[in-house]
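Q: The structure's right below; bear with me while I get my questions together.
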Amino acid sequence: MTIYAYLRVSTNQQDVDNQRHGILEYANQKSLGHLEFVEDSVSGQKRWRDRELGKLLTKTSQSGDTIVFAEISRMARSTLQVLEILECCMQRGISVHIAKQRMVLDDSMPSRITATVLGLVAEIERELISLRTTEALAKRKAAGKTLGRPRGKRSASLKLDAKEQEIKMYLAKGISKRSIAKLVDCAPSTLYH
C-alpha cells in the first residue's frame, strides 16, 4: 500500500510548501507513514486526466493505495471534475484524504454530498475571483490608469536593479529564491521577474 500526496500549483512562480506542510502535519496526526509526493504545476482548469493527477490515478496507483490532497481545490476547480476524480478512485479502490478539512472521502452518500458541496464552493470561488478581477481592471481603465507593465524607457529599469549584486551573491550561496525575496523585501514573483 502506497500513500501519495498530490501537490498542485497553477504556475511555476508559486510553490507547494504550504500544501506540503499541511499534508505532512495531517499525515503525522493520522499516522499515515511514508508519503510519496507528486508535484504538478498546471491550472486547475485543465482536465484532471491531462495532468500528473490523471497519470497517478489511472496508471501509477493501485487498489489499497491512498492519495492525500491539501484541499478540494487542489483536485480540480470544477465540481464535475472533483466527482469524476472521486468516482475513479472508488472504482480503483483508492482512498482519498483531504488534509485541510481533515476528512476521508469514500463512496458513501455523506462523502459524495460533502465532496459535491466543497467542489461547488471551489468552483464558485474561482468564478468570483475572476469577476472581481475583471471589475477592478475595468474600474482602473475607466479612471484612465494604464493597465499592465509600463512601456518605453520606464520598463527598461526594474524594481530590483539596485539589488542585483546582492541577489547574485545570495544565489551563488545556494539560497532559495523565496528566501532571497524575503531578504531583499519583495514578493517572490517580483524577484522571478
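Q: For residues that are assigned to a helix (DSSP H, G or I) and surrounded by 12 or more Cβ atoms within 10 Å (Cβ to Cβ), tally how many sit in the stretch 26-56.
A: Counting residues in the stretch 26-56 that are assigned to a helix (DSSP H, G or I) and surrounded by 12 or more Cβ atoms within 10 Å (Cβ to Cβ) gives 9.
Q: Of G152, G119, which residue is surrounded by 12 or more Cβ atoms within 10 Å (Cβ to Cβ), at pLDDT below 85 and not hydroxyl-bearing (S, T, Y)?
A: Exactly one of G152, G119 is surrounded by 12 or more Cβ atoms within 10 Å (Cβ to Cβ), at pLDDT below 85 and not hydroxyl-bearing (S, T, Y), namely G119.
Q: Quick check: anything in the stretch 128-143 part of a loop (DSSP other than H, G, I, E, B) and modelled with pLDDT under 85?
A: No: the stretch 128-143 contains no residue that is part of a loop (DSSP other than H, G, I, E, B) and modelled with pLDDT under 85.
Q: Being modelled with pLDDT of 90 or more, surrounded by fewer than 21 Cβ atoms within 10 Å (Cβ to Cβ) and assigned to a helix (DSSP H, G or I) is the filter here, so list the residues in the stretch 57-87 that pass it.
A: T58, K59, T60
Q: Working only within the stretch 61-103, note down all residues that are within 20 Å of the chain's Cα centre (by Cα) and among the basic types (K, R).
A: Within the stretch 61-103, R74, R77, K100, R102 qualify.
Q: Among the numbered criteria (1) part of a helix (DSSP H, G or I); (2) closer than 30 Å to Q45 by Cα, which one does V104 miss?
A: Failing condition for V104: (1).
Q: Can you spot a residue in the stretch 111-126 that is outside any helix (DSSP H, G or I) and of a type in the set (A, V, I, L, M, F, W, C)?
A: The answer is no, given that none of the residues of the stretch 111-126 is outside any helix (DSSP H, G or I) and of a type in the set (A, V, I, L, M, F, W, C).
Q: Could I ask something else about it? Cβ contacts < 8 Å: first residue in the same structural domain as D50 (by TED's automatic domain parsing), restricted to the stretch 66-81; second residue among the hydroxyl-bearing types (S, T, Y) and in a helix (DSSP H, G or I), any location; separation 6+ or different chain. Result?
A: V68/Y26; T79/T116
Q: A follow-up question, please. Return the residues of the stretch 167-177 that are loosely packed, with under 13 Cβ neighbours inside 10 Å and assigned to a helix (DSSP H, G or I); say none if nothing qualifies.
A: K168, M169, L171, A172
The values are calculated or read from the model by the stated rules, or taken from the named source; none is laboratory data. In this text, all values refer to a predicted model and were calculated from it rather than measured experimentally. So basically every Cβ, Gly included, is an ideal-geometry build from the backbone, and we count neighbours across all protein chains shown.
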